[in-house]
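Before any comments, here is the structure.
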Amino acid sequence: MRPERGQVLHFSEDPAITRFVPHLAATARQSGEYVWAVDAERSPDHWFPRQCPRVLAWVVDGTTAGDRDRVIGPGCGDRVHAVEYGWLERMRTVVLYAYRFDAGPFRPFGEQGEGPGHAVVATVPVEPLGPPERVGDLFELHEEAEISLRVLPALQPFWAAVRGRTLGWSGIRLGNARQVG
């Protein structure tokens, strides 16, 4: 589930949204009211239940072979997503929807060092191009995209191992992750 050229997506468990109005997200670490969406490259970051904590890592220009093998794993493609065991059932049963938008009103978010390219935002109300689309089986999406899906007892050790490497990486909803130590 990715947007077509000239489109961006917003993923939600709510199939009844008809108009998206900029707001300050409850989990925001920045000021400003936005409508959040993602492009095709970052869509896989959101193939999860909304509140599911996850750690993501992928190969970028400059990734060393050692980092690739250590974090992603030999023969495991160019990308890995990690979740906790406690979220597997929710991943299996969640009904997730994607809303498609014209990319025109959106701009990249993160120019000030917050992680360029992780999202796009609109500062004006936007309406979807059509009704929301069911995303489908999240495990199947990962398999079709050749993204390794790793299941761990806790994300914190993996998060610590990923950050600062020569890979691209992101952590989403980590406040919902199991606390260890």
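Can you tell me how many residues in the range 122-138 are surrounded by fewer than 15 Cβ atoms within 10 Å (Cβ to Cβ) and hydrophobic (A, V, I, L, M, F, W, C)?
Count: 2.
Restricting to the range 53-67, what's the tally of residues that are over 29 Å from residue 104 (Cβ atoms) and buried (at least 21 other Cβ atoms within 10 Å of the Cβ)?
Total satisfying the criteria: 4.
Please enumerate the residues belonging to the range 53-74 that are without any contact (Cβ under 8 Å) to a residue 24 or more places away in the chain and either among the acidic types (Asp, Glu) or closer than 15 Å to residue 149 by Cβ (or both).
Within the range 53-74, the subset without any contact (Cβ under 8 Å) to a residue 24 or more places away in the chain is 61, 65-66, 69, 74.
Passing the criteria: 61, 69.
When the range 80-116 is examined, which residues are found to be among the basic types (Lys, Arg) and modelled with pLDDT of 95 or more?
Residues satisfying the conditions are 90, 92, 100.
Please determine whether any residue of the range 34-43 is without any contact (Cβ under 8 Å) to a residue 24 or more places away in the chain and either crowded, with 18+ Cβ neighbours inside 10 Å or touching an Asp or Glu at 6+ places or on another chain (Cβ under 9 Å) (or both).
Taking every residue of the range 34-43 in turn, none turns out to be without any contact (Cβ under 8 Å) to a residue 24 or more places away in the chain and either crowded, with 18+ Cβ neighbours inside 10 Å or touching an Asp or Glu at 6+ places or on another chain (Cβ under 9 Å) (or both).
Does the range 25-34 contain any residue that is outside any loop (DSSP other than H, G, I, E, B) and at pLDDT 95 or above?
No, because not a single residue in the range 25-34 is outside any loop (DSSP other than H, G, I, E, B) and at pLDDT 95 or above.
Here are 79, 100, 90: which of them is among the basic types (Lys, Arg), in contact (Cβ under 8 Å) with a residue 12 or more places away in the chain and out of contact with any Leu (no Cβ under 9 Å at 6 or more places or on another chain)? If you could, list the steps in order and put the result at the bottom.
Values: 79 fails: out of contact with any Leu (no Cβ under 9 Å at 6 or more places or on another chain); 100 fails: out of contact with any Leu (no Cβ under 9 Å at 6 or more places or on another chain).
That would be 90, the only listed residue that is among the basic types (Lys, Arg), in contact (Cβ under 8 Å) with a residue 12 or more places away in the chain and out of contact with any Leu (no Cβ under 9 Å at 6 or more places or on another chain).
Working carefully through the options 155, 167, find the one that is crowded, with 16+ Cβ neighbours inside 10 Å, at pLDDT 95 or above and not polar (S, T, N, Q).
155
Okay, residues lined up against (1) hydroxyl-bearing (Ser, Thr, Tyr); (2) at negative phi; (3) under 17 Å from the mean Cα position of the chain (by Cα):
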{"residue": "126", "(1), (2), (3)": "no, yes, no"}
{"residue": "129", "(1), (2), (3)": "no, yes, no"}
{"residue": "134", "(1), (2), (3)": "no, yes, yes"}
{"residue": "138", "(1), (2), (3)": "no, yes, yes"}
{"residue": "142", "(1), (2), (3)": "no, yes, yes"}
{"residue": "145", "(1), (2), (3)": "no, yes, yes"}
{"residue": "157", "(1), (2), (3)": "no, yes, no"}
{"residue": "170", "(1), (2), (3)": "yes, yes, yes"}
{"residue": "180", "(1), (2), (3)": "no, yes, no"}
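Quick one: residue 120 ticks every box in (1) under 21 Å from residue 51 (Cβ atoms); (2) modelled with pLDDT under 95 except a single one, so which number is it?
The single condition residue 120 does not satisfy is (1).
The values are calculated or read from the model by the stated rules, or taken from the named source; none is laboratory data. These numbers were taken from a predicted model, which means no experiment stands behind them. When we count neighbours, we look across all protein chains shown, and the Cβ atoms used for this are built from the backbone with ideal geometry, even at glycine.
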